[in-house]
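The values are calculated or read from the model by the stated rules, or taken from the named source; none is laboratory data. Note that the structure is predicted; figures quoted are calculated from it, not measured. Quick reminder, even Gly has a Cβ in these numbers, built from the backbone with ideal geometry, and neighbours come from all protein chains shown. When the accessible area is computed, the model is the full protein with side chains, heavy atoms only, and any ligands, DNA or RNA have been set aside. Shrake-Rupley method; radii C 1.70, N 1.55, O 1.52, S 1.80 Å.
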Amino acid sequence: MISAILVAYKDGEFIEENVKFLRERGFEIVLAVDEPSERILKIIEKYGLKATISSKRRGKWRALNDAIKLTNGSYILFLDSDTKILDIGCFEGLDAVEIRKEVVGSSLMERLANIDYFTMYLSSKIASRFNSCLSINGSAFLIRREVIQRMGGFRRRINEDTDLGFRLGMNGYKVKIRGRAMTKAPSSFKGWLAQRERWGLGGAEILIENLGKILRSKIWIPYLFMFYPTILGFIIYLTLPNSIVMKILYLILPLLTFIPVKFLSLALLTLFSLHTIKNIIAVIVPFVIWTITVIFTSKRERYRLDLRLLPLYYFLYSPLWTMICISCLVRVLLARLRGKSLNVDGWIV
């Protein structure tokens, strides 16, 4: 028997569709719902589903652990209510499966987020080649029952799924990429910021707790460049001639009156050209490398992306996401130093 846990807060867009899909395939289905809507309660009654229900928001990690207690399957599939499962894939013999996800939506933020989900997918696939894992996107994944029990279930973390994925990788479990699902992403910039603040704080929490183990794994390198591609440009910029030296020469050379004007002019022009070339190299070269990589791999993986948005993603979306992560890392560090707990707007831990 295979079990499925469908988790929702208040309501869930794809709950009934997922119930129908899974029932046809013989899954045991359990719902974990906080503050359920009338629609959700009717679905539970209509299909005679097992459910763990709370009138108050208890935190996703706790809701998932409560639901695990009601399952009997040798494998457990976890699905968020905003994710629609399309294909499970082959998982026999594996410890855990990250299900490939694509964002469904037509807004600008949703189409940009889809590029994000592709980089997550690609990073997870690279890690799986090395029988490792640094993270799991909890909106759709499957795990062997005895494995999650051995891991002690979900821990009390902001990103309980990222934490579980990291622990799976560090304990040598086999995590592969299988199946396919469609998921929702925030359609507004405000909603995206709220989601990314939570992700950033949760990721920083896990990074600080496990920094040594992460660095020793070596898998963090492809993760870093896939999630934050503009970092490559920054590294290239640092390896090129020092701009401070050039600025000093800009000030000093005009004062050297013993140098003929024509030679001085050529020297200043050379400095200007070098500085311009440096900036162009630091910006264009990594962008071209990243763009070619994304286009080639997305075509090979048959992952639908709006390739017209790659410049916007690289030069605006990704740097903003990077700055959010850095800000969240500082915030978590300060909270740890002060001995204070973290509060995330709109989220219960």
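Points worth noting:
- Selection count, the stretch 179-198, where residues are under 17 Å from LYS101 (Cα atoms), surrounded by fewer than 18 Cβ atoms within 10 Å (Cβ to Cβ) and hydrophobic (A, V, I, L, M, F, W, C): 1
- Residue list for the stretch 305-316, filter: modelled with pLDDT under 95 and within 17 Å of MET120 (Cβ to Cβ): TYR314
- Any hit, the stretch 224-231, residues being more than 14 Å from the chain's Cα centre (by Cα), in a helix (DSSP H, G or I) and at pLDDT below 95: yes
- Odd one out for VAL344 among (1) among the hydrophobic types (A, V, I, L, M, F, W, C); (2) out of contact with any helix residue (DSSP H, G or I) (no Cβ under 6 Å at 6 or more places or on another chain); (3) open to solvent by less than 60 Å² (accessible area, probe 1.4 Å): (2)
- Residue ID - farthest from PHE91 (Cα to Cα), chosen from residues in the stretch 170-184 that are touching a Lys or Arg at 6+ places or on another chain (Cβ under 9 Å) and of a type in the set (Gly, Ala, Ser): ALA181
- Enumeration of residues in the stretch 34-56 that are surrounded by fewer than 12 Cβ atoms within 10 Å (Cβ to Cβ) and in a helix (DSSP H, G or I): GLU38, GLU45, LYS46
- Residue that is within 30 Å of ILE289 (Cα to Cα) and either open to solvent by 30 Å² or more (accessible area, probe 1.4 Å) or out of contact with any strand residue (DSSP E or B) (no Cβ under 8 Å at 6 or more places or on another chain) (or both), where the choices are PHE154, PHE225: PHE225
- Residue that is farthest from LYS60 (Cα to Cα) [pool: residues in the stretch 9-33 that are touching a residue at least 60 places away in the same chain (Cβ under 8 Å) and open to solvent by 10 Å² or more (accessible area, probe 1.4 Å)]: ARG25
- Among the criteria (1) modelled with pLDDT under 95; (2) of a type outside the set (Val, Ile, Thr); (3) surrounded by 16 or more Cβ atoms within 10 Å (Cβ to Cβ), the one ARG129 does not fulfil is (3).
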